[in-house]
Amino acid sequence: MTTISTALQAVKCRILGALEQAGRTPDAVRLLAVSKTFPAEAVRAAWQAGQTCFGESYVQEALAKMSDLQDLPLEWHFIGPIQSNKTRAIAANFSWVHGIDRAKIADRLAAARPASLPPLQVCIEINISGEASKGGVEPQDALVLARHIQTLPRLQLRGLMSIPAKQAEARPQFARLRALLQQLNASGLALDTLSMGMSDDLEAAILEGATLVRVGSALFGARTAKEG
Ligand SMILES: *Cc1c(COP(=O)(O)O)cnc(C)c1O
């Protein structure tokens, strides 16, 4: 499928352009291809075009795709809201989890992470806009949750993730997430990941220090069904 390969090149160009504008090195950002709602064949086409990391938001859908794509050495990231009853499946099948927002979920993921796999790489989701409807922990509660996650040997805390409020300008919200990461590192943590930026705002995120952008529609096209 040339369309996915063309879209992938275009997104990579946008990433490189923003990195150059920010004065950052060309390898400073990882691209996570968000394949939720798109079929396994779309993931396979992206793999053939050179993409290895994929993000999914719905557990059942992701497991079906993983089973179809077993022959490929893909790295799967869970980026959706985490329900307690899904922690076992997430811990056993994903390499990364971006949206940890409470200690109980971290505990369950740690308990369920199979000993045969490396520690689960995790980010804490921050409610950076302060909107009540948004997921994630309040910035002032991040340090306590981070310290708790650090006591769990089967999890490796890598950084922070956020989805900015659509009503507000994204860039100041990205700047706040970066400032929070710096503050946590000044408190003795060693976090290296800022998971922020999507199809519409990846440049602003990269200018504010994103190390991983989560891009769906710019790669695979508009999502029609199943979004909630
Ligand atoms: C769907 C989703 C994305 C991708 O969004 P696009 O606007 O399609 O790039 C990124 N992050 C999260 C958490 C998502 O749920």
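The values are calculated or read from the model by the stated rules, or taken from the named source; none is laboratory data. Being a predicted model, the structure only gives us computed values, none of them experimental. Protein only, heavy atoms only, side chains kept; ligands, DNA and RNA dropped before computing areas. Shrake-Rupley method; radii C 1.70, N 1.55, O 1.52, S 1.80 Å.
Applying the Karplus relation 6.51 cos²θ - 1.76 cosθ + 1.60 with θ = phi - 60° to segment 73-87 yields 3J(HN,Hα) values of x, 8, 10, 9, 10, 8, 10, x, x, 9, 8, 3, 6, 10, 5 Hz, where x marks Gly and Pro. Per residue, the chain reaches -12000 deg cm²/dmol at 222 nm when only DSSP H runs of four or more residues are counted, each adding -39500 (n - 2.57). Longer than 24 Å from Cα to Cα, which of Lys86/Lys166; Lys65/Lys86; Lys65/Lys104; Lys12/Lys36 are they? Say none if no pair is. With Cα atoms farther than 24 Å apart: Lys86/Lys166; Lys65/Lys104.
Could you tell me what percent of the accessible area of the chain is made up of carbon and sulfur, with a 1.4 Å probe and every protein chain present?
Working: 5530 of 10460 Å².
Summing carbon and sulfur atoms, their accessible area is 53 percent of the total for the chain.
Taking all protein chains as they are arranged and a probe of 1.4 Å, the heavy atoms of Asp27 leave approximately 130 Å² accessible to solvent.
Stokes-Einstein diffusion for segment 83-136, with the hydrodynamic radius set to the Kirkwood value over Cα pairs and evaluated at 20 °C in a medium of 1.002 mPa s, equals 182 µm²/s. Evaluating kT/(6 pi eta Rh) at 25 °C and 0.890 mPa s, with the Kirkwood radius of segment 182-228 over Cα pairs in the Stokes-Einstein relation, gives 197 µm² s⁻¹.
Of the candidates Ser195, Ser67, Ser116, which one comes out as most mobile in a Gaussian network treatment of the chain with C-alpha springs shorter than 10 Å? The residue with the greatest mean-square fluctuation here is Ser116. Straight-distance candidates among the aspartates and glutamates for linking to Lys134, with alpha-carbon spacing under 13 Å and chain neighbours fewer than 8 residues away dropped: Asp101, Glu125. Distance between the C-alpha centres of segment 126-154 and segment 46-70: 27 Å, rounded to the whole angstrom.
Both the radius of gyration and Dmax for the chain are 16.8, 47 Å, in that order, over alpha-carbon atoms.
Rounded to two decimals, the Cα-based Rg/Rh of segment 1-135, with Kirkwood Rh, is 1.00. With bins 10 Å wide beginning at 0, the percent of Cα pairs of segment 20-72 falling in each bin runs 23, 46, 19, 11, 0. Think of a 1.4 Å ball rolled over the protein heavy atoms: the chain then has 46 Å² of accessible area per residue.
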